[in-house]
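Quick notes on the structure that follows.
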Amino acid sequence: MKKIKQSWAEPYKIKMVELLKMTTADQRKKAMKDAGYNTFLLRSEDVYIDLLTDSGTSAMSDRQWAGMMLGDEAYAGSSNFYQLEEVVREVYGYKYLVPTHQGRGAENILSKILIKKGDIVPGNMYFTTTRLHQELAGGKFEDVIIDEAHDPENEFPFKGNIDLDKLKRLIKKHGAKKIPYVSMATSVNMAGGQPISMKNLKELRALTKKHGIKVIHDMTRVAENAYFIQQKEKGYEGRSIRSIVKEICSYTDGATMSAKKDALVNIGGFLAVNDWDVFEEARNMVVVYEGLHTYGGLAGRDMEAMAIGIRESVSDEHIKARIGQVIYLGEKMIEYDVPIVRPIGGHGIFVDAKKFLPHIPQDHFPAQTLAAEMYLDSGVRTMERGVVSAGRKTNGENYYPKLELVRFTIPRRVYTQAHMDVIAESAARVYERRNKIKGLKMVYEPKYLRFFQARFEKL
Ligand SMILES: *Cc1c(COP(=O)(O)O)cnc(C)c1O
């Protein structure tokens, strides 16, 4: 008899379905050309399985939908705000909450408050909107992630860790006064959803405390990071996701949150801080950019769904199934020899486009090309995370990131295991004909965050 394995399964069942359109190869060819070979410019109705992002694409629970009916749409003092504030204190432990329409709203306010012109903001790898807000506020981002993070084949389990020597060198070079905070992300998106360890975080706290530097937490995927700590870090085996999440937050001074990811809602975010003075300023500033401090650009019902989603996001069963599905897809890809970032991260599979298409130079956009080819093959929509996403420096030169990746991001609670099979088989088919694939040239480039709207033509 075959050895019986212990499978996981989703801790929910399906109550309602959304029908998908199936397209032909000819339809996809036309759609991709019309979209300028940029998967962001495809119409979603032309997409079969949408792995563009895990942002705002989660399926809400029946409880969250029921919560939507409890929206208190008062302009000021909505009861949903107070509910959300209570949940943020209970689950994350931050004292003061300013809701925002999404994560970047919080980044904008925080950067404006804490960064002065000429400041240095170290962080564990850049994120597009985060770095842009830091730069717009007059700061300069400095990457202090460990070198392992830039090597897609390195199996180190905590590739989101901060290299404390790099940070010490920055402090020595510029002085602590020039460094308002360290921008610390959990489950580092651009490194492939790689976690930071609790040990590293504790050391970061000790070092920054010594120099009077704040730690600001990009907590967009904090629960997913907590899962890796539970699974891989000594001393955390028996601990609940909830308690690990709270411990992570306890080593930081404040956080920006895109609730569209971990927190299982389609829109929403917040800024949370422990410092009353920063909170006071944020509460003033949110009125200018987002809305009154008790709604921050959200409807009351959005805040209610977020509060319920935050509680669901820190359940052990939820996270186990969520990351279990991602790992299932990653292992299928590995079986087909598709080169992916190792170890498998929390929110998606990152295919190494440099290795997949070694004959295409970075100036011909290998990751952008591969994302287009995936869509042409099967209607699966993925996203470029390479030289296009990296954008240009303030002096106009291109950033050439070491990693040239295609992100297969898995929305939470949306697709089935059968969908995962279809995705892996499509990637394997494209891999089989990789030698025939040619690169792209950029024919339109927007000024900011160019990856969203840039257009390309086939070479
Ligand atoms: C999505 C994201 C953001 C920005 O949040 P939005 O809700 O898209 O504005 C910031 N940081 C990380 C790591 C993210 O993934």
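The values are calculated or read from the model by the stated rules, or taken from the named source; none is laboratory data. Everything numeric in this text was worked out from a predicted model, so none of it was measured. Methodologically, a virtual Cβ is constructed for each residue, glycine included, from the backbone with ideal geometry; neighbour enumeration extends over all protein chains shown. The protein model used for the area step is the full one, side chains on, heavy atoms only, and it has no ligands, DNA or RNA in it. Shrake-Rupley method; radii C 1.70, N 1.55, O 1.52, S 1.80 Å.
When the range 62-81 is examined, which residues are found to be hydroxyl-bearing (Ser, Thr, Tyr) and surrounded by 16 or more Cβ atoms within 10 Å (Cβ to Cβ)? Working first, answer last.
At the first step, the residues of the range 62-81 found to be hydroxyl-bearing (Ser, Thr, Tyr) are 75, 78-79.
Selection gives Ser78 alone.
Would you confirm, using the coordinates I've provided, whether Asp50 is under 16 Å from Met374 (Cβ atoms), surrounded by fewer than 19 Cβ atoms within 10 Å (Cβ to Cβ) and under 27 Å from the mean Cα position of the chain (by Cα)?
Numbers: under 16 Å from Met374 (Cβ atoms): yes; surrounded by fewer than 19 Cβ atoms within 10 Å (Cβ to Cβ): no; under 27 Å from the mean Cα position of the chain (by Cα): yes.
No, not satisfied.
Give the residue that is most open to solvent (accessible area, probe 1.4 Å), with candidates limited to residues of the range 393-415 that are closer than 21 Å to Gly193 by Cβ, β-branched (Val, Ile, Thr) and not in a strand (DSSP E or B). Before the answer, list the steps.
Of the residues in the range 393-415, the ones closer than 21 Å to Gly193 by Cβ are 399, 401-415.
When the remaining residues are screened for being β-branched (Val, Ile, Thr), the result is 406, 409-410, 414.
Then keep just the ones that are not in a strand (DSSP E or B); that gives 410, 414.
Working: Ile410: 0, Val414: 59 Å².
Across the range 393-415, the extreme among qualifying residues is Val414.
If a residue must be assigned to a helix (DSSP H, G or I) and out of contact with any strand residue (DSSP E or B) (no Cβ under 8 Å at 6 or more places or on another chain), how many such residues does the range 258-288 contain? Steps first, answer last, please.
Initially, the range 258-288 is screened for residues assigned to a helix (DSSP H, G or I), giving 276-288.
Restricting the remaining residues to those that are out of contact with any strand residue (DSSP E or B) (no Cβ under 8 Å at 6 or more places or on another chain) gives 277, 280-281, 284-285, 287-288.
Total meeting the criteria: 7.
So in the range 198-251, with the set limited to residues that are among the small types (Gly, Ala, Ser) and within 16 Å of Ser315 (Cα to Cα), which one is nearest to the ligand (Cβ to nearest atom)?
To start, the set of residues in the range 198-251 that are among the small types (Gly, Ala, Ser) comprises 206, 212, 223, 226, 235, 238, 240, 243, 250.
Remaining after also requiring within 16 Å of Ser315 (Cα to Cα): 223, 226, 238, 240, 243.
Values: Ala223: 13, Ala226: 15, Gly238: 29, Ser240: 24, Ser243: 23 Å.
By that ranking, first place goes to Ala223.
Would you be able to say whether some residue in the range 257-265 is more than 13 Å from the ligand (Cβ to nearest atom), within 22 Å of Tyr96 (Cβ to Cβ) and open to solvent by 10 Å² or more (accessible area, probe 1.4 Å)?
No; the residues of the range 257-265 include none that is more than 13 Å from the ligand (Cβ to nearest atom), within 22 Å of Tyr96 (Cβ to Cβ) and open to solvent by 10 Å² or more (accessible area, probe 1.4 Å).
Please go through the range 190-238 and pick out each residue that is buried (at least 17 other Cβ atoms within 10 Å of the Cβ) and assigned to a loop (DSSP other than H, G, I, E, B).
Gly192, Gly193, Pro195, Ile196, Ser197, Ile213, Met219, Thr220, Arg221, Glu233, Tyr236
Which of the residues spanning the range 105-120 are away from the ligand (no atom under 15 Å from the Cβ) and in contact with a helix residue (DSSP H, G or I) (Cβ under 9 Å, 6 or more places away or on another chain)?
So in the range 105-120, the residues away from the ligand (no atom under 15 Å from the Cβ) come out as 112-120.
Result: Lys112, Ile113, Leu114, Ile115, Lys116, Gly118, Asp119, Ile120.
Given the residues Asp151, Asp143, Asp147, which is the only one that is out of contact with any Ser or Thr (no Cβ under 7 Å at 6 or more places or on another chain), open to solvent by 30 Å² or more (accessible area, probe 1.4 Å) and within 15 Å of the ligand (Cβ to nearest atom)? Even if it seems obvious, please write down each step before you answer.
Values: Asp151 fails: within 15 Å of the ligand (Cβ to nearest atom); Asp147 fails: within 15 Å of the ligand (Cβ to nearest atom).
Within the list Asp151, Asp143, Asp147, the selection yields Asp143.
May I ask you to say which residue of Ser240, Ser197 is of a type outside the set (A, V, I, L, M, F, W, C) and farther than 27 Å from Asp147 by Cβ?
Details: Ser197 fails: farther than 27 Å from Asp147 by Cβ.
Result: Ser240 is the single residue among Ser240, Ser197 that is of a type outside the set (A, V, I, L, M, F, W, C) and farther than 27 Å from Asp147 by Cβ.
Residues that are within 17 Å of Arg283 (Cα to Cα): which helices (runs of 4 or more DSSP H) entirely in the range 75-158 hold 1 or more of them? Walk me through it before giving the result.
Values: elements: 79-91, 103-114, 128-136.
Filter on the range 75-158 gives 79-91, 103-114.
Looking at the range 127-140, which of its residues are open to solvent by less than 30 Å² (accessible area, probe 1.4 Å) and either in contact (Cβ under 8 Å) with a residue 24 or more places away in the chain or under 28 Å from Ala353 (Cβ atoms) (or both)?
Taking the range 127-140 first, the residues open to solvent by less than 30 Å² (accessible area, probe 1.4 Å) are 128-131, 134, 137-139.
Selection gives Thr128, Thr129, Thr130, Arg131, Gln134, Ala137, Gly139.
Return only the number of the condition from (1) buried (at least 16 other Cβ atoms within 10 Å of the Cβ); (2) outside any loop (DSSP other than H, G, I, E, B) that Ser58 does not satisfy.
(2)
Select from the range 82-104 the residues that are open to solvent by 10 Å² or more (accessible area, probe 1.4 Å) and either away from the ligand (no atom under 16 Å from the Cβ) or in contact with a His (Cβ under 9 Å, 6 or more places away or on another chain) (or both) and list them in ascending order.
Within the range 82-104, Tyr82, Gln83, Glu85, Glu86, Arg89, Glu90, Gly93, Lys95, Tyr96, Arg104 qualify.
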